[in-house]
Each structure stands twice: as structure tokens, then as C-alpha cells.
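Enquirer: Below is the structure I would like to discuss, written out as C-alpha cells.
The values are calculated or read from the model by the stated rules, or taken from the named source; none is laboratory data. Small disclaimer: the values here were computed from a predicted structure and weren't measured. Backbone-built Cβ (ideal geometry, glycine too); neighbour counts: all protein chains shown.
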Amino acid sequence: MSIILEQASAIAVAAAVLAVGVYHAAVVAPRLRRASARLDVQDGLIGGDAGAAAGRLAALEAAQHDLAHAANRASARLDELERLARVDLSRCGFVRYDAYDDTGSNLSYALALLNRSGDGVVITSIYSRSDTRTYGKAVQAFAPVANASEEELAAIALARDPAPASAASA
């Protein structure tokens, strides 16, 4: 009797395996073929013969990541440049003149060194036949903190708006 049970069990297992195979052939395989065909159509719509859609999407994601990283680097660099621009002495005005009637060659000068906000210094050097004197005055918002000479005010004006100087020299 045990041999009959063993044979019956073996037949039942074989029938189950056969049923799974038939189910796979009848139901699962056509679904997989349809899904594969849909992927082929999607691949064709997304990018043609350039490779699988998943590969192209991965490449696009990597490129997007690289662009985001580059944008972050550019933003950090821009922040640094803006910080430097606030304190950078990028505006300057230079005026040469004769401080005294008995001197020539415009050896006296006023030099304004200012940042974008108009903060900085105006340095004046006054030449005479016997000596030369140098003065420095603070400037805030394009206005001298102490009394300023006409030449110092002109140097500050040149630093504020350099266009008239370039137009005058042209």
C-alpha cells in the first residue's frame, strides 16, 4: 500500500508541476510578452534606438545630479563674490592739480578709493617746493566724513560715476 501511495504522490506532484507549466504558458508568458512589447514601444517613444529607457533615465538622473551640484557650486561662488564686492575697493577717482601757484606739472593729487557703497578713503598729497604733505580722510556713502577740498570732492565724484572721466579723456 505504501508503494501505491508513493506513486500517487509522485503523480500528484507531476500533475501540479504540469499544471504550473500550463498556467505559465497560457497566462504568465503572454503577459510577459505584452509587457515586454510595451517596454519596447516605450523605448521607441522615449529615445528610439539609443538604448533601454531605464538606462537613458539613469543617465538623465545622473546629469540632473551633476547640474544641481554645479548650480550649488556656482551659487556658493556667487555668494563669495558678492561678499567680496561689498568690501572691495573697486571704485577709484584720481585728480591731479597744482596746489600752489609757484609749482607746476600737477604734482599734487587726490585719490579716492571706495567700495560699491561709497565707503573708503580719499588720500591727498600736496606738493610744494619745500615739502610734500599727505592726508587721508574717511568717506562714507560717497561723502567725506571731514571737510574736503574741491579736488577731494572731485576725486570722490569720479569714483562714484567714472563715465564723465572717460568721456572727458575721449
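Enquirer: Examine the range 133-154 for a residue that is hydrophobic (A, V, I, L, M, F, W, C), surrounded by 16 or more Cβ atoms within 10 Å (Cβ to Cβ) and without any contact (Cβ under 8 Å) to a residue 12 or more places away in the chain, and state whether such a residue exists. Full working, then the answer.
Expert: So in the range 133-154, the residues hydrophobic (A, V, I, L, M, F, W, C) come out as 138-139, 141-143, 145-146, 148, 153-154.
Restricting the remaining residues to those that are surrounded by 16 or more Cβ atoms within 10 Å (Cβ to Cβ) gives 139, 142, 148, 153-154.
If we keep only those that are without any contact (Cβ under 8 Å) to a residue 12 or more places away in the chain too, we end up with 153.
Yes, because at least one residue in the range 133-154 is hydrophobic (A, V, I, L, M, F, W, C), surrounded by 16 or more Cβ atoms within 10 Å (Cβ to Cβ) and without any contact (Cβ under 8 Å) to a residue 12 or more places away in the chain.
Enquirer: Something else: Go through Val95, Val121 for me and flag whichever is touching an Asp or Glu at 6+ places or on another chain (Cβ under 7 Å), within 17 Å of Ala154 (Cβ to Cβ), modelled with pLDDT of 90 or more and β-branched (Val, Ile, Thr).
Expert: On the way: Val121 fails: touching an Asp or Glu at 6+ places or on another chain (Cβ under 7 Å).
When all the criteria are applied, what remains is Val95.
Enquirer: Right, next: Just checking, how many residues over the range 82-109 are touching a residue at least 24 places away in the same chain (Cβ under 8 Å) and among the polar types (S, T, N, Q)?
Expert: Counting residues in the range 82-109 that are touching a residue at least 24 places away in the same chain (Cβ under 8 Å) and among the polar types (S, T, N, Q) gives 3.
Enquirer: Please verify whether Leu45 is loosely packed, with under 12 Cβ neighbours inside 10 Å and either modelled with pLDDT under 75 or assigned by TED's automatic domain parsing to the domain that holds Asn115 (or both), treating the condition exactly as stated.
Expert: Criteria met by Leu45.
Enquirer: Across the range 110-132, which residue is farthest from Asp88 (Cα to Cα) among those that are touching a residue at least 40 places away in the same chain (Cβ under 8 Å) and assigned to a strand (DSSP E or B)?
Expert: By that ranking, first place goes to Ala110.
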